[in-house]
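Colleague: Shown below is the structure under consideration.
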Amino acid sequence: MVIMPLLSIVVPTLDRPDTLRHALATMACQPAQADCEFIVQNNGGNPEIAKMVADLQDGRFRHFASETVLTMTDNWEAALGHASGEYIAFLGDDDGLMPYACATASSVLADRKIDLLSWDAYSYYWPGYYHPAFRNRLLAEIDLTSSARRVSSRSELARIFCFQAHYAHLPMIYNSFVRRSVVDRMRAACGRYFIGLSPDVASGIANAALTESFVRLSRPLSMAGFSQHSTGHALFFETTNLLETSRGARDFGPIDDDRQLPDLNALQLFIAKDMLDLKRLLLADDDGVRLDFKALAQALATDINNRPPLYDRTVQTIGELARMHGFDVADIIIPARLADRPPPGKGISVIGQNRVLYELDGSALGLSSIADAVRVIAQFVPDQAPFDPAALEAAVPAPVLGPEELDFSRGGAGTAALIEGWSEPEQWGTWSIARNCVLRFAIDPFPSRPVALVLACRAFVSDGNPRLQAICRVGDGPQQQLSFSKGSFAGQRRLMLDPAAISADGTLTISLSLSDPRSPADLGLSSDARPLGIGLERAWLDDDARASPSR
């Protein structure tokens, strides 16, 4: 009887032996006792790659080759077919496994109680990356407590589809171990596992759509590498017309238009097309997960300076989206044009309790490959703290607003109320990143008379934007105004909540319209291109409604 391994790590590759050899090195150093296999899918059968795998003389590695060059999605599907493990993860041929990856995953997944074990990968820009400012840069946000939490799949999908969270937070097969039963469910529904223009992102959407929750480790098991070979970066940052070249045809094959989207000239539009396809295939009856086209336009605008040659074309695309979906293009905040893509940060900074961000110059550290970067940063990563998967409860999908404070920091219960116009939660709270923002709560207990809704918050104001005003609607109540200035930019603000303004189902929707949110990049304060407005920290109800709203 053949005994199948617990873990399969799969590397699809196409004529990239220069980076692949270093990715394989990070796999070969995994401890021998870890129950795993390594699959190398050699697209087109490059003989140098076949020899490279054979020369490892490691029985855990299995090499497969296609006779002809397949599209990226078809090559990944072929690679998946060779994996025999109960849990499967993919690794790019310029990515790397952390030294502890297989041992940690084997320990956590041994009892087979988790469908998806996910993490947010560290990042390394290879010395050959197209943009000089990013070359040989190592970026790692380290949680010194090595925590784990269970994430509601539907809540995460809703945030991704509203562009309030980065797609990298999806439980993609590129940053997750995916149980074989999840793969089988996708194949039963769609005939194959990998679909779409961005099969990595599409896998994350599919995995979340087919599960109730997933476990996210704060201790990454892999490092994402961005090299001169990276397809996504070549497509959206390095060039302006890759889809029209032979490489584009080779990697993606024929691309069908989507009547709900303009031409696919940006990463967000590529991902949006996959969102629409998977919505139709897997989430057609789920009203809680829908693509927010206005938020898509704002995401395009916020990232506009990452592609300076396409600034004007991106503005045009935003206008097309507005016309196609009936929103006012004036609501989209478009940053001023910059001459070049904003560079990454530098140095080491504390970004919250027990969290440190390393933005390191690899040249100064003697790095030249992903294997070097993995080896260096692993020295700073603490051991995985033990946890019981059964004890990890999913986040509450409908936060209850009452006398107890709701927290809008990362992992806080209030973050599920962030419906539209908000960024990803940070250690202290969450910034608004749009002109119009929406919050939605359940109310308990139901007040019998008017009460105060208290917001502990801050505003992004500076010499360049000394004032910020927000026109607020609390449920069906009248407009109320909040004002912020340089002298009064943080603290508590109070809004009046009349019980008559609460919906019949007991939910309360709060809308905010901000006067002129600006980005730190526009004001020359930092490289942060998000149009920041109000930063929410906490919210609660106070029976004392005598104080008038802040003016």
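The values are calculated or read from the model by the stated rules, or taken from the named source; none is laboratory data. Only a predicted model underlies this, so the values are computations on that prediction, with no experimental measurement involved. Note that we place each Cβ from the backbone using ideal geometry, even for glycine, and neighbour counts take in every protein chain shown.
Colleague: Taking the condition in contact (Cβ under 8 Å) with a residue 60 or more places away in the chain, of a type in the set (D, E, K, R) and surrounded by 21 or more Cβ atoms within 10 Å (Cβ to Cβ), does ARG179 pass?
Modeller: So ARG179 passes the test.
Colleague: For segment 393-485, list the strands (runs of 3 or more DSSP E) that sit wholly inside it and hold at least 3 residues that are more than 22 Å from the chain's Cα centre (by Cα); which are they? Walk me through how you get there before you give the answer.
Modeller: Working: elements: 418-420, 436-443, 451-459, 467-474, 479-485.
The strands (runs of 3 or more DSSP E) meeting that bar are 436-443, 451-459, 467-474, 479-485.
Colleague: Can you find, within segment 297-337, the residue that is surrounded by the most Cβ atoms within 10 Å (Cβ to Cβ) among those that are of a type in the set (D, E, K, R) and farther than 11 Å from ASN265 by Cβ? Talk me through it step by step, then tell me what you get.
Modeller: Kept after step one, since they are of a type in the set (D, E, K, R), are these residues of segment 297-337: 303, 307, 312-313, 320, 323, 328, 331, 337.
Adding the requirement that they be farther than 11 Å from ASN265 by Cβ leaves 303, 312, 323, 328, 331, 337.
On the way: ASP303: 18, ASP312: 10, ARG323: 10, ASP328: 10, ASP331: 15, ARG337: 11.
The residue in question is ASP303.
Colleague: Determine if segment 520-527 includes at least one residue that is assigned by TED's automatic domain parsing to the domain that holds ALA442, within 27 Å of ASP303 (Cα to Cα) and of a type in the set (Asp, Glu).
Modeller: yes
Colleague: Give just the number: which of (1) at pLDDT 90 or above; (2) surrounded by fewer than 24 Cβ atoms within 10 Å (Cβ to Cβ); (3) under 28 Å from LEU97 (Cβ atoms) does GLU238 not satisfy?
Modeller: Every listed condition holds for GLU238 apart from (1).
Colleague: Which members of segment 241-285 meet the condition of being at pLDDT 70 or above, of a type in the set (S, T, N, Q) and not in a helix (DSSP H, G or I)?
Modeller: GLN260, ASN265
Colleague: Okay, next question. Looking at VAL201, is it hydrophobic (A, V, I, L, M, F, W, C) and either within 26 Å of LEU24 (Cβ to Cβ) or surrounded by fewer than 21 Cβ atoms within 10 Å (Cβ to Cβ) (or both)?
Modeller: yes
One line per residue, one yes/no per condition, for (1) closer than 17 Å to ILE88 by Cα; (2) β-branched (Val, Ile, Thr):
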position	(1), (2)
VAL10	yes, yes
ARG16	no, no
THR19	no, yes
HIS22	no, no
GLU37	yes, no
ASN42	no, no
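Colleague: Let me ask something else about it. Residue check, ARG159 against (1) crowded, with 19+ Cβ neighbours inside 10 Å; (2) of a type outside the set (A, V, I, L, M, F, W, C); (3) outside any helix (DSSP H, G or I), all met but one. Which one?
Modeller: If we test ARG159 against (1) crowded, with 19+ Cβ neighbours inside 10 Å; (2) of a type outside the set (A, V, I, L, M, F, W, C); (3) outside any helix (DSSP H, G or I), just (3) comes out false.
Colleague: What are the residue pairs meeting all of these: first residue in segment 378-394, first residue under 30 Å from TYR124 (Cβ atoms), second residue basic (Lys, Arg) and outside any loop (DSSP other than H, G, I, E, B), Cβ atoms under 7 Å, and 6 or more apart or on different chains?
Modeller: LEU392/ARG149; LEU392/ARG150
Colleague: From the list GLY128, GLY85, GLY44, which residue is on the phi > 0 side of the Ramachandran plot and in a loop (DSSP other than H, G, I, E, B)? Break it down stepwise before answering.
Modeller: Values: GLY128 fails: on the phi > 0 side of the Ramachandran plot; GLY85 fails: on the phi > 0 side of the Ramachandran plot.
Step by step, each of GLY128, GLY85, GLY44 is checked, and only GLY44 is on the phi > 0 side of the Ramachandran plot and in a loop (DSSP other than H, G, I, E, B).
Colleague: Within segment 44-58, how many residues turn out to be over 13 Å from ARG21 (Cβ atoms) and touching an Asp or Glu at 6+ places or on another chain (Cβ under 8 Å)?
Modeller: The total comes to 2.
Colleague: Between residues in segment 104-121 that are free of Cβ contacts under 8 Å to residues at least 24 places away in the same chain and residues that are assigned to a loop (DSSP other than H, G, I, E, B) and surrounded by 21 or more Cβ atoms within 10 Å (Cβ to Cβ), which pairs lie under 6 Å by C-beta distance while being six or more apart or on different chains?
Modeller: Close Cβ pairs satisfying both conditions: none exist.
Colleague: Which one of these is in contact with a strand residue (DSSP E or B) (Cβ under 8 Å, 6 or more places away or on another chain), closer than 20 Å to ILE205 by Cα and modelled with pLDDT of 95 or more: LEU116, LEU97?
Modeller: None of the others qualify; the one that does is LEU116.
Colleague: I'd like to check something: does segment 368-379 contain any residue that is part of a strand (DSSP E or B), at pLDDT 95 or above and among the aliphatic types (A, V, I, L, M)?
Modeller: First, the residues of segment 368-379 that are part of a strand (DSSP E or B): none.
No.
Colleague: If I ask for residues that are more than 25 Å from ALA373 (Cα to Cα), in contact (Cβ under 8 Å) with a residue 24 or more places away in the chain and not aliphatic (A, V, I, L, M), which ones from segment 75-103 would you list?
Modeller: Listed by number, the residues that qualify are ASN75, TRP76, GLU77, HIS82, SER84, GLY85, GLU86, TYR87.
Colleague: Restricting to segment 117-166, give me the number of residues that are more than 16 Å from SER213 (Cβ to Cβ) and aliphatic (A, V, I, L, M).
Modeller: Matching residues across segment 117-166 total 7.
Colleague: Next up: Is it fair to say VAL315 is under 25 Å from SER515 (Cβ atoms) and over 21 Å from the mean Cα position of the chain (by Cα)?
Modeller: yes
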